[in-house]
Each structure stands twice: as C-alpha cells, then as structure tokens.
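The values are calculated or read from the model by the stated rules, or taken from the named source; none is laboratory data. Predicted model, so just to flag it, every value in this text is computed and none were measured. Glycine gets a Cβ as well: all are built from the backbone with ideal geometry, and neighbour counts include every protein chain shown.
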Amino acid sequence: MTAAIIDETLGGLNYVLKREGIVPHGPSFTVHLEVAYKAPVPASTSLICTASLQSLEGRKAWVLAEVLDRPGGTLYATGKALFVIPKDKMLPPSKASESAAFADADAQAGAVPETETEVERLSLQQ
C-alpha cells in the first residue's frame with residue numbers, strides 16, 4: 001500500500017509539473033519506482049506523502065517522495081521514481097498550450113480532473 005501511495009503522489013507531482021510547464025507535455029509513465037521502507041506503519045495511522053522534483057533530463061523526470069505521519073514526524077518510507085514521456089507521445093508546444101487551455105476551461109466549468117488521463121479525456125471532448 002505504501003508503494004501505491006508514493007506512486008500516486010509522484011504522479012500527481014508529475015501532473016503539476018506539466019501544468020506549470022516545468023516538464024514537457026504529453027502522457028508519461030512510471031518506468032522505475034524504488035521504495036525504501038524505514039519503519040512499519042501502525043494500523044489506523046494517518047499519513048502524508050510529500051513529493052519533489054530531483055532532476056530533469058529531456059523527456060525524463062526523476063522525482064522523490066517521503067511518507068510520514070506528520071511534518072517532521074516519523075519517516076515510514078522514501079521513494080524515487082523515473083517518469084518518461086514516450087518520444088512519439090510528446091506534444092508540440094502549440095498542442096501542449098491547447099491541451100492546458102482545455103483543462104483550464106474544464107476546471108472553471110466545475111469539471112475537476114483527478115488524473116492526467118482524465119485531463120486528456122476532457123481535452124479530447126472539446
């Protein structure tokens with residue numbers, strides 16, 4: 001379960017990085033995910049997962065995560081992942097701007113996408 005939390009959180013970071021124009025637009029995939037378990041998570045523990053960008057190399061984004069019970073609290077796991085946009089799926093800048101504009105319009109209309117796939121679906125409906 002901890003690995004899934006890390007993967008989802010890092011995927012959310014990847015989405016935000018695309019939306020802000022920090023990483024290239026287009027669908028991306030988790031190619032590599034490392035999880036280091038630091039301590040067992042007690043049952044009924046509320047967790048937070050933080051994520052950050054470690055480095056960018058063209059179509060590749062290395063991202064980091066930490067799973068804790070509170071800021072500055074017990075560290076239960078750390079994660080590192082590599083997200084890659086396939087070469088044939090990268091959007092040219094004009095299409096990326098268009099895709100972001102559709103997502104913005106949908107968000108203003110009350111359609112809040114929860115995943116990158118949902119953003120793509122909403123953009124295709126336009």
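Per-structure values
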quantity	calculated
Matching option when the condition is assigned to a helix (DSSP H, G or I) and hydroxyl-bearing (Ser, Thr, Tyr), among THR45, THR9, THR30	THR9
Single condition LEU17 does not satisfy, out of (1) in a strand (DSSP E or B); (2) under 15 Å from the mean Cα position of the chain (by Cα); (3) hydrophobic (A, V, I, L, M, F, W, C)	(1)
Within the range 53-67, tally of residues that are more than 15 Å from VAL35 (Cα to Cα) and either part of a strand (DSSP E or B) or not assigned by TED's automatic domain parsing to the domain that holds LEU10 (or both)	7
Pick from the range 5-37, criterion at pLDDT below 95 and of a type in the set (Gly, Ala, Ser), ranking: surrounded by the fewest Cβ atoms within 10 Å (Cβ to Cβ)	GLY21
All positions within the range 72-89 that are closer than 14 Å to SER52 by Cβ and not aliphatic (A, V, I, L, M)	THR78, GLY79, LYS80, PHE83
